[in-house]
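Chemist: Got a structure for you, written out below as structure tokens; questions coming shortly.
The values are calculated or read from the model by the stated rules, or taken from the named source; none is laboratory data. In this text, all values refer to a predicted model and were calculated from it rather than measured experimentally. Reconstructed Cβ throughout: ideal geometry from the backbone, glycine too, with neighbour counts over all protein chains shown. Surface accessibility is based on the protein's heavy atoms, side chains included, excluding ligands, DNA and RNA. Shrake-Rupley method; radii C 1.70, N 1.55, O 1.52, S 1.80 Å.
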Amino acid sequence: MQITLTRPDDWHLHLRDGLALQHTVPFTAKQFGRAIVMPNLAPPVTTTEQALAYRQRIMAAIPADTAFQPLMTLYLTNNTTTDEIRHARKSGLVHGVKLYPAGATTNSDAGVTDICHCHAALETMQECGMPLLVHGEVVDAGIDVFDREKYFIERTLIPTAHKFPDLKIVFEHITTKEAADFVLACGENVAATITPQHLLYNRNALFKGGIRPHYYCLPVLKREGHRKALVAAVMSGNKKFFLGTDSAPHAQHKKESACGCAGIFSAPLAIELYTRIFEENNALDKLEAFTSFHGADFYGLPRNSEKITLVKKSWTVPKDFPLGDDRIIPLHAGEEESWMIIK
Ligand code: NCD
Ligand code: ZN
């Protein structure tokens, strides 16, 4: 069995920087036409100038036989100016501004402490059509980790969407029924990305036979009912939901540690995984729109014209890969996958 798709795009991706780019960029470039590249480097990408310099470093790591394009983002801070937003929009190369609540995830310390500091920036983004990309979790230590997304919707997203009714918002890597319901209740300017892991697993995967650091990402996996709600949202074919892997590479020793980093590295098997998920849900007819149309349409970019072809054929995911001077363990390391890209 074969399936041909318009070349997909990844609307949420971490590539890191420096030596790591040699080992992260090629996996994504092989599968995807474009990717929204997250700005949570250390230090973060807060200006257009930094984003364009980062883009050049990524371009230098793209294999010659692909036409992959990185779509850059800015990291929103309490101090992001309206001029910076306008400058970013004018560059034509920055496609979103990312809100990390300070302390919510990897390299988020420079993030936003209270959204009220960003009202002028958001107003300008609304005006010039610059999407706000949201890591939707509260950081309040008194809130249960598994409820962080739900509280963020109530405390921040609903008021923000109300105050800026035309602001384009991508609720990134949604993990709960509440998030899917929120997106559905909003207008066409609000959409969401969904990762393979949140469609495949519930939180039991974190504890299967012992603690499983390679299943740990943020927002963390949730209960089965939430996974089912995400699957239903995606398989409905609704254009508000699109592919975003959140592939987030961390060296093996940083994951397998007394205080392991959050992030799942899925780039080497991303489109294969999504294909299997749609097949398992008898929805292969909805796959291409999710992987290749909805995101481009939301961002106002042309759909890709190239195609990729997958064949149903078993292969074994490698046990690890190089990452700069370190090693990295991909999702499903050493396990069989059922779909393979052939061209
Ligand atoms: C991401 C990372 O490592 O940069 N980690 C993750 O668990 N998803 C950051 C993020 O998207 O939250
Ligand atoms: Zn991410």
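Chemist: Just to be sure before I move on: is Ala248 under 21 Å from Ile277 (Cα atoms) and either open to solvent by 20 Å² or more (accessible area, probe 1.4 Å) or away from ligand 2 (no atom under 13 Å from the Cβ) (or both) in the structure I sent?
Modeler: Answer is no for this residue.
Chemist: List every residue pair whose Cβ atoms lie under 7 Å apart, where the two residues are 6 or more positions apart in sequence or sit on different chains, the first residue falls within region 1-16 and is at pLDDT 95 or above, and the second residue, located anywhere, is assigned to a loop (DSSP other than H, G, I, E, B) and hydroxyl-bearing (Ser, Thr, Tyr).
Modeler: Hits for this filter: Asp10/Thr245; His12/Thr245; Leu13/Thr245.
Chemist: Given (1) among the basic types (Lys, Arg); (2) closer than 21 Å to Gly263 by Cβ; (3) away from ligand 1 (no atom under 16 Å from the Cβ), identify the lone condition not met by Arg148.
Modeler: Arg148 satisfies every listed condition except (3).
Chemist: Within region 286-326, track down each residue that is in a loop (DSSP other than H, G, I, E, B) and either touching a residue at least 12 places away in the same chain (Cβ under 8 Å) or open to solvent by less than 60 Å² (accessible area, probe 1.4 Å) (or both). Reasoning before the result, please.
Modeler: In the first step, residues of region 286-326 are kept if they are in a loop (DSSP other than H, G, I, E, B); the result is 300-306, 317-320, 324-325.
The answer is Gly300, Leu301, Arg303, Asn304, Ser305, Glu306, Val317, Pro318, Lys319, Asp320, Gly324, Asp325.
Chemist: Looking at region 251-285, which of its residues are within 16 Å of ligand 2 (Cβ to nearest atom), among the hydrophobic types (A, V, I, L, M, F, W, C) and in a loop (DSSP other than H, G, I, E, B)?
Modeler: Of everything in region 251-285, those that are within 16 Å of ligand 2 (Cβ to nearest atom), among the hydrophobic types (A, V, I, L, M, F, W, C) and in a loop (DSSP other than H, G, I, E, B) turn out to be Cys261, Ala262, Phe265.
Chemist: Of the conditions (1) within 16 Å of ligand 1 (Cβ to nearest atom); (2) touching a Cys at 6+ places or on another chain (Cβ under 8 Å), Ile174 fails just one. Which one is it?
Modeler: (2)
Chemist: Right, something else. So which of Thr46, Thr66 ends up being over 27 Å from Lys343 (Cα atoms), open to solvent by 10 Å² or more (accessible area, probe 1.4 Å), more than 12 Å from ligand 1 (Cβ to nearest atom) and assigned to a loop (DSSP other than H, G, I, E, B)? Can you show your working first?
Modeler: Values: Thr66 fails: over 27 Å from Lys343 (Cα atoms).
Of the residues listed, the single one that is over 27 Å from Lys343 (Cα atoms), open to solvent by 10 Å² or more (accessible area, probe 1.4 Å), more than 12 Å from ligand 1 (Cβ to nearest atom) and assigned to a loop (DSSP other than H, G, I, E, B) is Thr46.
Chemist: Look through Ala29, Ala35 and report the one residue that is within 25 Å of His173 (Cα to Cα), part of a helix (DSSP H, G or I) and small (Gly, Ala, Ser).
Modeler: Checking each option against the conditions leaves just Ala29.
Chemist: Tell me which residues, restricted to region 222-245, are assigned to a loop (DSSP other than H, G, I, E, B) and surrounded by fewer than 22 Cβ atoms within 10 Å (Cβ to Cβ). Can you show your working first?
Modeler: Of region 222-245, the ones assigned to a loop (DSSP other than H, G, I, E, B) are 222-223, 236-240, 244-245.
Scanning region 222-245 gives Arg223, Ser236, Gly237, Asn238, Lys239, Lys240.
Chemist: Hey, another quick one. Test Phe278 against the stated conditions and say whether it is closer than 25 Å to Glu137 by Cα, under 19 Å from the mean Cα position of the chain (by Cα) and open to solvent by less than 40 Å² (accessible area, probe 1.4 Å).
Modeler: Details: closer than 25 Å to Glu137 by Cα: no; under 19 Å from the mean Cα position of the chain (by Cα): yes; open to solvent by less than 40 Å² (accessible area, probe 1.4 Å): yes.
No.
This table checks each residue for (1) within 16 Å of ligand 2 (Cβ to nearest atom); (2) more than 20 Å from Val97 (Cβ to Cβ).
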{"site": "Asp147", "(1), (2)": "no, yes"}
{"site": "Lys150", "(1), (2)": "no, yes"}
{"site": "Thr160", "(1), (2)": "no, no"}
{"site": "Lys168", "(1), (2)": "no, no"}
{"site": "Gly187", "(1), (2)": "no, no"}
{"site": "Ile194", "(1), (2)": "yes, yes"}
{"site": "Tyr215", "(1), (2)": "yes, yes"}
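Chemist: Further, regarding this structure: Is it true that Ala20 is within 13 Å of ligand 1 (Cβ to nearest atom), buried (at least 20 other Cβ atoms within 10 Å of the Cβ), of a type in the set (A, V, I, L, M, F, W, C) and assigned to a helix (DSSP H, G or I)? Break it down into steps so the answer makes sense when it comes.
Modeler: Working: within 13 Å of ligand 1 (Cβ to nearest atom): yes; buried (at least 20 other Cβ atoms within 10 Å of the Cβ): yes; of a type in the set (A, V, I, L, M, F, W, C): yes; assigned to a helix (DSSP H, G or I): yes.
Yes.
Chemist: Could I ask something else about it? I'm trying to understand the selection: among the residues of region 185-213, which are within 18 Å of Phe242 (Cα to Cα), free of Cβ contacts under 8 Å to residues at least 60 places away in the same chain and not in a loop (DSSP other than H, G, I, E, B)?
Modeler: Listed by number, the residues that qualify are Ala185, Val190, Ala192, Ile194, His198.
Chemist: Under 9 Å between Cβ atoms, at least 6 apart or on separate chains: pull out the pairs that start in region 252-272 with a residue that is under 24 Å from Leu199 (Cα atoms) and at pLDDT 95 or above and end on any residue that is among the small types (Gly, Ala, Ser) and away from ligand 2 (no atom under 15 Å from the Cβ).
Modeler: Cys261/Ala251; Glu272/Ser338
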